[in-house]
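Below is one structure, written out as structure tokens, with a few remarks after it.
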Amino acid sequence: MLPEFFEFYNPTRIVYGQGIASDFAAELDSLGVEKYFIVSDTIISDLGITKKVMDGLLSAGIEVTGEFLDVPQDSEVSTVNGCAEQATASGAEGLIAIGGGSVIDTAKAANILISEGGDLIEDHSGAQTLTRPLKTLVVIPTTAGTGSETTMAAVVYDKENRVKTSFTDKFLLPSLAVLDPEMTLSLPPKLTASTAMDALTHAIEAYVDLQWSPVSDALALGAVELIFNNIVQATNHGEDLEARGALLIASTMAGIAFSHSMVGCVHGMAHSVGGLYRVPHGIANAILLPHGMEYNFDEARDKLAKLAPIMGEDISGLSVEDEARKAIEAVKKLTGALNKMGMLPLRLREVGVIEDGLLEIAEATVLDGASFYNPREVVAEEILVHLKNAY
Ligand SMILES: [Fe+2]
């Protein structure tokens, strides 16, 4: 069976290489921009990563007009507004984001204000609101999870209203993604595990979602395989650049997949848990992924069955239903193993969620944009059952 219609659009050039982030000025030639403003955070800067990139740029004659390092772990609208103001004042022609999802999403959202004008990013939220290309954006991910380097979305926390505000538009896609596993070397084991679980969730949700296509499926399946084969190694042996590189590539592949096929109820629940209880995104996804797969079991059975062997499960002689069960078991085995290693919690009760708050999470999940693409309609009373299981 094929979809009646699909579109695949990925204009982001991707370059990969060990050490490439400190020597990629040649890759900027074709972009026609010479003045860049750096967006990063203090942790990345204190580790010397920002300087490493900047030294490479300066020695190649690229002008850096300034830097904004005040991006918090979960970016907020006020951060975006401040970043845009400074970048504009510096006279930059383009942005280089060095960091995790929060930094990259800050740069993407700030780029809307820098290119379109205005003072408040809140005025631009929503989908497909942009009418022309934004300024050049180069991204260098320092985590392997969000895939934000190749997605057309940015998510920013709105503190006042306790919700995540999202921006979706094809013009948010970066011009260039520089993938260098050395940039993720300083990622602590727990973050290595939780960010990779975010990428795994992107891949699985993109694969089973309503807006799937054979092209995004291929990327999603490739990402699942790379993550299953490398997540434990990269977590246990952070110095293994091969394993780190595999997670980085997988996270980008999953990013392209879900940028087209979207994510589903797991992200709907994770966004709600993140907005209401500030649970880090990767951890929320890791806890909720097997429960979301259970929620979608009947609608996604055939596809879940195809995931099982890619996840290393022996499916010989099994029915399709049992093969699909094996995929959920494989995810539970993986999160269980990471839990035993002290890398991940397994229950919502362990991350500050209160039992009386589960209904509010379920209701917020129904309204979350991610839930619209879920293969099974997201209904509060029914998703509540699975939230209770995850509690
Ligand atoms: Fe995610």
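The values are calculated or read from the model by the stated rules, or taken from the named source; none is laboratory data. This structure is a prediction, so every number in the text was calculated from the model and none was measured. Don't worry about glycine lacking a Cβ; one is built from the backbone with ideal geometry, like all the others, and counts go over all protein chains shown. What goes into the accessible areas is simple: the full protein's heavy atoms, side chains included, and nothing from ligands, DNA or RNA. Shrake-Rupley method; radii C 1.70, N 1.55, O 1.52, S 1.80 Å.
Annotations
- Residue, farthest from Pro181 (Cα to Cα), within segment 76-92, restricted to residues that are among the small types (Gly, Ala, Ser), open to solvent by 30 Å² or more (accessible area, probe 1.4 Å) and modelled with pLDDT of 95 or more: Ala89
- Residues being open to solvent by 20 Å² or more (accessible area, probe 1.4 Å) and away from the ligand (no atom under 16 Å from the Cβ) - total across segment 93-111: 1
- Flag for Ile114 being outside any strand (DSSP E or B), hydrophobic (A, V, I, L, M, F, W, C) and within 16 Å of the ligand (Cβ to nearest atom): no
- Among the candidates Thr142, Thr165, Thr184, the residue that is open to solvent by 20 Å² or more (accessible area, probe 1.4 Å), away from the ligand (no atom under 15 Å from the Cβ), touching a residue at least 24 places away in the same chain (Cβ under 8 Å) and touching a Ser or Thr at 6+ places or on another chain (Cβ under 9 Å) is uniquely Thr165.
- The single condition among (1) open to solvent by less than 10 Å² (accessible area, probe 1.4 Å); (2) touching a His at 6+ places or on another chain (Cβ under 8 Å) that Leu176 does not meet is (2).
- Residue match in segment 310-332 (condition: out of contact with any helix residue (DSSP H, G or I) (no Cβ under 7 Å at 6 or more places or on another chain), within 16 Å of the ligand (Cβ to nearest atom) and open to solvent by 10 Å² or more (accessible area, probe 1.4 Å)): no
- In this structure, Asp209 does satisfy being out of contact with any Cys (no Cβ under 8 Å at 6 or more places or on another chain) and farther than 20 Å from Glu149 by Cβ.
- Only listed residue being among the polar types (S, T, N, Q), buried (at least 22 other Cβ atoms within 10 Å of the Cβ) and more than 16 Å from the ligand (Cβ to nearest atom), chosen from Asn296, Asn285: Asn296
- Residues satisfying the stated conditions in segment 116-133, i.e. under 18 Å from Ser148 (Cβ atoms) and hydroxyl-bearing (Ser, Thr, Tyr): Ser125
- Of everything listed in (1) more than 16 Å from the ligand (Cβ to nearest atom); (2) open to solvent by 50 Å² or more (accessible area, probe 1.4 Å); (3) in contact with a Ser or Thr (Cβ under 9 Å, 6 or more places away or on another chain), the single unmet condition for Met343 is (2).
- Picking from residues in segment 187-212 that are away from the ligand (no atom under 16 Å from the Cβ) and assigned to a helix (DSSP H, G or I), the one that is least open to solvent (accessible area, probe 1.4 Å) is Pro189.
- Residues satisfying the stated conditions in segment 168-181, i.e. within 16 Å of the ligand (Cβ to nearest atom) and touching a Lys or Arg at 6+ places or on another chain (Cβ under 9 Å): Leu172
- Put simply, of Thr65, Thr12 the only residue that is farther than 30 Å from Ser261 by Cβ and either at pLDDT 95 or above or exposed (fewer than 14 other Cβ atoms within 10 Å of the Cβ) (or both) is Thr65.
This table checks each residue for (1) within 13 Å of the ligand (Cβ to nearest atom); (2) in contact (Cβ under 8 Å) with a residue 60 or more places away in the chain; (3) open to solvent by less than 10 Å² (accessible area, probe 1.4 Å).
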position: Pro214; (1), (2), (3): no, yes, no
position: Leu221; (1), (2), (3): no, yes, no
position: Gly238; (1), (2), (3): no, no, no
position: Gly245; (1), (2), (3): no, yes, yes
position: Ala250; (1), (2), (3): no, yes, yes
position: Gly255; (1), (2), (3): yes, yes, yes
position: Gly264; (1), (2), (3): yes, yes, yes
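- The set of residues in segment 15-40 being open to solvent by 10 Å² or more (accessible area, probe 1.4 Å) and either part of a strand (DSSP E or B) or more than 21 Å from Leu172 (Cα to Cα) (or both) consists of Val15, Tyr16, Gly17, Gln18, Gly19, Ile20, Ser22, Asp23, Ala25, Ala26, Lys35.
- Any chance Gln73 is open to solvent by 40 Å² or more (accessible area, probe 1.4 Å), touching a Gly at 6+ places or on another chain (Cβ under 7 Å) and either touching a residue at least 24 places away in the same chain (Cβ under 8 Å) or among the polar types (S, T, N, Q) (or both): no
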